[in-house]
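Engineer: Have a look at this one before I ask anything.
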Amino acid sequence: MKTTIVTTRLHRWCLQGLMLLTMALPAAAQQSYDREQQQAISQAFVDAVNARDLDAVGQLMNMQALGQRIVDEAFTDPEIREGYMEGFGSEQARSQMIGGAMMAMQQGAMQAHFRGFVEAEGESRPLVRLDIENGGFEYMFFDFEAPTRDVDGDIADFYIASSGKWQSEQMLQATRLMLPDQNNWLKRLAGETAIDEELVKSFGQLVEHRMQGDFKAAYELLTGLPESVRHERVIIDLALQIGKLYRDDAYVFQLGELAKYHGDDPSTHFMLLDYYYLQGDVQQAMNITDKLIERFGADGPLMMIKANLYIAAGEPDNAEQSLQRAIDNEPAFLQSYWVLIQLLLQQQRFDDVVLALKGVQGQGIALSKDMFHANPEYEGFVASEAFANWTL
C-alpha cells in the first residue's frame, strides 16, 4: 500500500533536505494493511512529527524494505548488494535519512495533520499534510510493508507529492549517478547518444560538485549534457534541485523545460503550478489546482490557492466562494480567514470583516481592537461603524 506530500512556492514553502536525486521502482509484494492499521501508523507519524521526535519518526521506518527496493534496481553483484544493505540498515543511515527529510521539523516549523483517505493510484490511501511555518505545505502518503527486523517499523517508503516521487526513487537515482555504468543505466538514459568516456566522467564530476556545494559548476555541467540526455525527466528534476540552490532564474528556466518536455505528467503538477504562476498564466495554474483538488481533496490550503488565483484573475466573487469553502471544509486552517479578511477589506465590507474575525476567534485566537489600530491596512475598518460596534 502507499500514503501522499504537496508544496508550492506560490506560498513560499520550503521542505528542505529531501534526498537529492530520483527513478521509478515497481511496487513490491506486501502484506495487506486494513484501513484501521493504515490510519494508526499514519497517525503515529503525525504525532511523532508534531512532538518534534525524530527518533520516533525513524522507528516507524522499515529501512530493510526501503534498502531492498533500491538494491533490487541498482545492483546485480551479490557482494555489492550485501554491503549496501548492511550500511543502509544501520541506525546511522536511518538517522541521516530522517534528519535530512525532516529538517523543517527540527526547526519547529512543521505541523502534521492526518487528512483521512483519498483515492490514489487505484487504492484508498491515508493522506498526511505537513504545514510549514512560512505558509507552505506538503502532502505525503506511505507504502507499508511488514518488518522482518525488530528495529524496523511498517513504513517502507513515502511519496512526496511536490516532487512526484517516492523516497526510494530519489535515493535510487542518487545511487545510479554515483555508479553511472551500473546495470547499463547511463546507456538507457542516453538513448541513441553515444556513451563515451567524457559523458561517464561528467556524471562523476556532477556528484563531486554537488557534494562540494559548487552548485554553479554542477548546474553548468548539467546544461552542457547532450540534448537527448538533458531533456530526460530525471536530469531536469536534478537541474531543478541544483538550480534552486544556484540561482532563481536557473530554477525558473528548468521549470520551463519541465513544462515543455513533461508537462502532461501528473507528477509534475505542483512544480508547474510554480512555473505558470510565475509566468502569469493564471488559467493554466487554475487548471492544475483543480486537478490537485481532485486528487487530494478541497482542504484549506488548496482552496486558498484557488482563491488567490481568482484574485489574480480579477474574480473576487469566485475567490470569496473558494475561501468560504476552505473555511467550511477546514475551519482550523486560519490562513483562509486572513485571506478572506483582506479581500473584504478591499471591498470595504466591514460588517463581513467582523464576521470573519469572529470566525478567527472561534478557533481560539485572542484578538483585541488595539492590534488593528497600528496596521494601515485596517485604517478604513477601524474608522467604520462596524468596528465601533464590534464586541470582543
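Engineer: For region 334-392, give me each residue that is in contact with a Pro (Cβ under 7 Å, 6 or more places away or on another chain) and hydrophobic (A, V, I, L, M, F, W, C).
Structural biologist: Of everything in region 334-392, just one residue is in contact with a Pro (Cβ under 7 Å, 6 or more places away or on another chain) and hydrophobic (A, V, I, L, M, F, W, C), namely Leu343.
Engineer: Could you grab me the full set of residues in region 342-372 that are surrounded by 15 or more Cβ atoms within 10 Å (Cβ to Cβ) and in contact with a Gly (Cβ under 9 Å, 6 or more places away or on another chain)?
Structural biologist: Leu345, Phe350
Engineer: Inside region 324-392, counting only helices (runs of 4 or more DSSP H) that do not spill past its ends, which hold 1 or more residues that are in contact with a Ser or Thr (Cβ under 8 Å, 6 or more places away or on another chain)?
Structural biologist: 350-362
Engineer: Would you pick out the residues in region 373-392 that are surrounded by 10 or more Cβ atoms within 10 Å (Cβ to Cβ), modelled with pLDDT under 95 and among the polar types (S, T, N, Q)?
Structural biologist: Asn375
Engineer: When you go through (1) modelled with pLDDT of 80 or more; (2) surrounded by fewer than 18 Cβ atoms within 10 Å (Cβ to Cβ) one by one for Tyr219, which number turns out not to apply?
Structural biologist: The number of the failed condition is (2).
Engineer: Continuing with the same structure: Any residue that is free of Cβ contacts under 8 Å to residues at least 24 places away in the same chain, crowded, with 18+ Cβ neighbours inside 10 Å, part of a helix (DSSP H, G or I) and of a type outside the set (Phe, Trp, Tyr) - is there at least one of those in region 90-100?
Structural biologist: Checked region 90-100: no residue is free of Cβ contacts under 8 Å to residues at least 24 places away in the same chain, crowded, with 18+ Cβ neighbours inside 10 Å, part of a helix (DSSP H, G or I) and of a type outside the set (Phe, Trp, Tyr).
Engineer: Moving to a separate point now. If you take the residues of region 99-140 that are modelled with pLDDT under 90, touching a Phe, Trp or Tyr at 6+ places or on another chain (Cβ under 7 Å) and hydrophobic (A, V, I, L, M, F, W, C), which of them is nearest to Arg52 (Cα to Cα)?
Structural biologist: For region 99-140, the residue satisfying everything is Ile132.
The values are calculated or read from the model by the stated rules, or taken from the named source; none is laboratory data. This structure is a prediction, so every number in the text was calculated from the model and none was measured. Please note: Cβ atoms are built from the backbone with ideal geometry, for glycine as well, and neighbour counts cover all protein chains shown.
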